[in-house]
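Structure record follows, encoded as C-alpha cells.
The values are calculated or read from the model by the stated rules, or taken from the named source; none is laboratory data. Everything numeric here is computed off the predicted structure, so don't read it as measured data. In this analysis, Cβ positions are derived from the backbone assuming ideal geometry, glycine residues included, and neighbour counts consider all displayed protein chains. Please note that ligands, DNA and RNA were not included when accessible areas were found on the heavy atoms of the full protein model with its side chains. Shrake-Rupley method; radii C 1.70, N 1.55, O 1.52, S 1.80 Å.
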Amino acid sequence: MQAIAAVDNNWAIGYKGRLLTSIPEDMKLFRNETTGNVVVMGRKTLESFPGQKPLPNRTNIVLTTFSDYKNGDAVIVHSADELFDRLKDYDTEKIYVIGGESIYRQLLPYCEKALITKIDMDYDADAHFPDLDKEDGWKMTGESEEQTYFDLCYTFTVYKNEKVKKWTSQEEN
C-alpha cells in the first residue's frame with residue numbers, strides 16, 4: 001500500500017476542504033498511478049471531488065464513521081479492520097491512500113512508500129500530511145529534477161517506509 005499526496009513546504013495538503021493548488025503534471029501523475037487501482041480515502045475527501053462522486057476507473061473505498069453513509073459505487077467501510085479485510089483481495093502495490101489528513105495519519109504506518117509532490121510554497125492550510133522528513137522509519141529514496149508551473153517550483157519525490165506495519169492476515173512464514 002502506498003500514499004500519494006502533494007504538499008507545500010510545511011507539509012500542508014489542503015484548506016477548507018480543497019487542495020492547495022492544481023498542477024497539471026501532478027494531476028497527471030495521480031491519474032497515471034491510481035487509474036485501474038484501488039484508492040482509499042475519507043468521506044470528506046470523496047465529497048471534495050466534482051459532483052461528490054467516486055473517481056472513475058478505480059475501486060473507491062471510503063473509510064468513515066458515518067454508519068449509514070452511501071455514495072455511488074464507492075465501497076464504504078467503518079473501521080481499519082473492515083478496511084483491511086476488504087483490501088486483502090487486492091495486490092498491495094495497487095492500493096493508494098489519497099487522503100485526507102486523518103486517513104493519512106491512520107494508514108501511513110501500513111504504507112510501504114509515499115509518492116509526494118513537494119511544492120516550494122507556503123500556503124494557508126488547515127490539513128497536513130505527516131512530515132516524512134521527521135517521521136521515524138521514513139527515508140526519501142528518489143527525487144525528480146525541479147519542475148515549474150507558472151511561478152510554482154515543485155519536485156516529485158518517493159519515500160520508503162523502513163518500518164512498515166503488516167496489515168494483511170496472510171503474512172508470509
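Numbers at a glance
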| read-out | value |
| --- | --- |
| Residue-level accessible surface for Asp73, protein heavy atoms, 1.4 Å, Å² | 150 |
| Between segment 94-173 and segment 34-70, the Cα center-to-center distance that results, in Å | 19 |
| Over segment 4-150, relative contact order from alpha-carbon pairs under 8 Å, at least 6 apart, % | 36 |
| Percent carbon-and-sulfur accessible area, the chain, ignoring ligands, DNA and RNA, probe 1.4 Å | 44 |
| Sparse-neighbour loop sites [trypsin sites (Lys or Arg not before Pro); segment 68-130; at most 14 other C-beta within 10 Å; DSSP] | Lys70, Lys88 |
| Per residue convex hull volume, Cα atoms of the chain, in Å³ | 118 |
| Simple Cβ-charge dipole of the chain, Lys/Arg +1 and Asp/Glu -1, about Cα centre, in debye nearest 20 | 560 |
| Label point distance in nm, Arg18-Glu47, each placed 7 Å from Cα along Cα→Cβ | 1.7 |
| Segment 55-151: translational diffusion in µm²/s, Stokes-Einstein, Kirkwood Rh over Cα pairs, 10 °C, 1.306 mPa s | 99 |
| For the chain, built as a Gaussian network whose Cα springs stay under 10 Å, the top-fluctuating residue of Val40, Val77, Val62 | Val77 |
| Straight-distance crosslink candidates among lysines, where the alpha carbon sits under 26 Å from Lys44 and sequence neighbours closer than 8 are dropped | Lys16, Lys28, Lys53, Lys70, Lys88, Lys94, Lys113, Lys118, Lys165 |
